[in-house]
1. Please give the contour-minus-distance gain from Ile309 to Asp416: 0.36 nm per residue of separation, less the Cα-Cα distance, rounded to one decimal in nm.
2. If R0 is 22 Å, what FRET efficiency do you get for Asp47 and Ala493 from their C-beta distance, rounded to 0.05?
3. In sequence order, what are the phi-derived ³J(HN,Hα) couplings for the range 343-357 according to the Karplus relation 6.51 cos²θ - 1.76 cosθ + 1.60 with θ = phi - 60°, rounded to whole Hz, with x for glycine and proline?
4. Multiply the residue separation of His202 and Arg65 by 0.36 nm, subtract the distance between their alpha-carbon atoms, and state the gained length in nm to one decimal.
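Please treat every number below as a calculation from the coordinates, not as lab data. This structure is a prediction, so every number in the text was calculated from the model and none was measured. Positions of Cβ are generated from backbone atoms using ideal geometry, with glycine treated the same way; all protein chains shown enter the neighbour counts.
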Amino acid sequence: MCLRSSSYTSPKPCKHLADYKLRHAFNGYDSLQNCLKTTPIGRTRVDNHNTKIPRCNFCNGYQGRLYICLMCSSISCSTHILLHTQSKSGHDVAIDIERSELYCCLCCDQVYDPDFDKVVVSEQIKGLCPGRSNKRRRLDSGMELDLKKSKRLIAMRDGRAKSCYPLGLRGLNNLGNTCFMNSVLQALLHAPPLRNYFLSDHHNRDECKRRYGEKLCLLCEIGALVSAMFSGDRSPYSPAQFLYSWWQHSSNLASYEEQDAHEFFISVLDGIHEKESKVRNSSKDDGDCQCIAHRAFSGSLRSDVTCTICGFTSTTYDPCVDISLNLDTVNLSAAEKTGLSTLSGCLNLFTRAERLGSDSKLHCQNCQELRDTSKQLSISRLPLVLCLHIKRFEHSLIRKTSRKIDQYLQFPFALDMTPYLSSSIVRSRFGNRIFAFECENSDSSAEYEIFAVIAHSGMLESGHYVTYLHVNNQWYKCDDAWICEVDEGIVRASQCYMLFYVQKLLYYKANKDLSCNASVESR
């Protein structure tokens with residue numbers, strides 16, 4: 001589903017879902033209202049009244065994704081859902097039982113419908129409000145959701161509820177396989193430099209529309225997201241306009257299919273940079289980009305390639321917005337692979353000198369010949385916000401296979417990056433001699449505090465992303481629309497995929513500012 005026109009304002013709807021609604025209106029949604037159950041943690045699922053454990057009517061299986069037909073309530077697994085549709089005409093739309101999401105059996109994809117979203121969200125809100133009878137919990141038409149009443153219901157919840165969570169914690173509705181987007185947005189919007197930039201209205205929506213007349217602007221939609229997240233409203237927010245705007249920027253990724261969270265993260269930063277480069281006159285002699293994406297996340301890597309014959313070293317510097325780290329599974333024995341890796345081990349592996357193969361000989365400027373070389377990476381300049389990407393997905397071009405590395409990673413909440421700086425690496429290589437490093441900021445702090453963790457659970461083909469946020473000395477799990485407190489042990493045990501750290505001084509200042517804003521809001 002690609003966006004070709006800048007005037008595009010809404011996604012092209014699924015024709016099969018449109019046909020279903022034309023023939024049956026909201027009948028299926030109305031009957032579904034009686035089957036929706038909200039779990040204690042706030043997740044809404046379809047509770048099949050016929051059996052405690054839902055099973056596929058074709059294979060009697062109960063594991064993996066299960067779908068219930070909107071027409072006949074028949075249950076099918078992901079393998080047989082198409083077979084059910086082909087055997088019964090018009091049975092094209094089903095619901096994911098576990099996640100309460102619409103699924104088109106003919107498109108083989110999640111689909112989004114705001115009317116269906118209202119039914120699910122209203123049931124979730126009603127399920128969180130105690131003392132209501134079953135009759136009162138049903139909607140008269142299944143469709144008429146009064147948003148003002150919903151907000152008042154949220155405010156009625158007790159001291160353990162979301163209304164007492166710190167300012168900025170708000171769930172994001174899944175718009176159809178968009179957990180990758182929601183998880184990254186939660187981390188990005190809580191990165192202090194990015195959050196403060198948009199809360200301070202540095203990108204003014206009205207001014208942007210007046211100057212450029214664009215109906216969809218990625219920066220405007222991010223600004224609207226930040227405002228919504230920090231508005232004090234606790235009801236789940238649907239980032240549909242942001243999704244459409246991102247699709248316009250990254251038309252190659254525009255679909256309701258699950259995407260890679262890291263690829264989405266890079267795409268969003270690229271979109272911010274592209275938009276700000278049009279607005280800002282960033283012509284500077286040093287070539288440093290002053291867009292908010294690079295001011296927050298940009299660092300620099302140093303690469304030293306050394307001739308093994310004469311010792312001549314060629315040095316280059318490359319900008320980066322994140323660091324991708326390998327889990328050292330290649331050099332581990334089978335017994336060791338069942339254990340835990342450490343983040344320090346991954347960083348040591350990243351900055352370790354590597355002997356390049358004989359098929360990768362490089363031209364030595366001193367020898368004037370092709371020579372065997374060694375290569376060593378180090379960090380010459382640290383960013384304000386440090387993003388570490390853990391390579392959990394392996395793709396073999398030779399074997400044409402892909403797999404996920406499920407190995408757990410031990411990571412610290414406080415991180416000192418000094419051992420991985422170019423100054424430390426090179427001085428260690430040359431016996432702690434004093435070298436001048438012109439690309440390093442002596443003022444930049446190497447001590448970081450963690451503020452967000454994006455974790456991936458499940459398999460490569462059918463996994464799920466969640467985000468853990470550290471706010472005011474408490475960890476919170478953001479699982480799409482649902483937010484709950486968790487112990488730090490849950491965070492440490494997660495299969496981390498992306499780790500977000502911020503410089504320690506900035507971290508404490510950001511928490512102090514957030515506490516002040518929260519106290520003002522409560523008055």
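1. Details: separation 107, 0.36 × 107 = 38.52 nm, distance 3.49 nm.
Between Ile309 and Asp416, full extension yields an extra 35.0 nm.
2. That pair, Asp47 with Ala493, gives E of 0.15.
3. Whole-Hz 3J(HN,Hα) from phi for the range 343-357: 5, 4, x, 5, 5, 5, 5, 5, 9, 7, 5, 10, 7, 6, x.
4. Numbers: separation 137, 0.36 × 137 = 49.32 nm, distance 4.37 nm.
Full-extension gain reported as 44.9 nm.
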